[in-house]
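Please treat every number below as a calculation from the coordinates, not as lab data. On a predicted model such as this, the values are computed, not experimentally measured, just so you know. Here the Cβ is made from the backbone with ideal geometry for all residues, glycine too, and neighbour counts use every protein chain on show.
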Amino acid sequence: MTAPFLLLHPNDNVLVARTLAPEGTKVELASGAIKLAGAIPLAHKIACRDIAVGERILKYGMPIGIATEDIPAGSHVHIHNIRSAYTPTYALDDANGLSEGGTQ
């Protein structure tokens, strides 16, 4: 992989920006070279391969979320195309119209 991105774990499906990566930056991926369609901020992620909707996003070899849409290799991976895979909390249940006991 090329600067300014870093692969944190061999099982990861994302690369992390070590600095601002301007639009048009060339990045070498396993599938070939791509040019970034937009700027990627420091510490944000791009897909290092195609990621299918419903697939877990792996960073440090651990799941950090689930893809909410297909994410092509080289695309920005952020809150617009992933969701959390954390266990729901009472606050989240309450926001969905459930009481603390888990019933409506």
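Some values worked out for this structure:
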{"read-out": "Neighbourhood charge, 14 Å Cβ-Cβ cut-off, centred on residue 85 and excluding it, Lys, Arg +1 and Asp, Glu -1", "value": "+2"}
{"read-out": "Whole-number percent relative contact order across the stretch 5-95, with pairs defined as alpha carbons under 8 Å at least 6 apart", "value": "26"}
{"read-out": "Local net charge near residue 73, Cβ-Cβ under 15 Å (Lys/Arg +1, Asp/Glu -1)", "value": "-2"}
{"read-out": "Percent of Cα-Cα distances greater than 18 Å, calculated over the stretch 5-95", "value": "44"}
{"read-out": "Inter-probe distance in nm under a simple model that places probes 7 Å from Cα toward Cβ, at residue 49 and residue 9", "value": "1.6"}
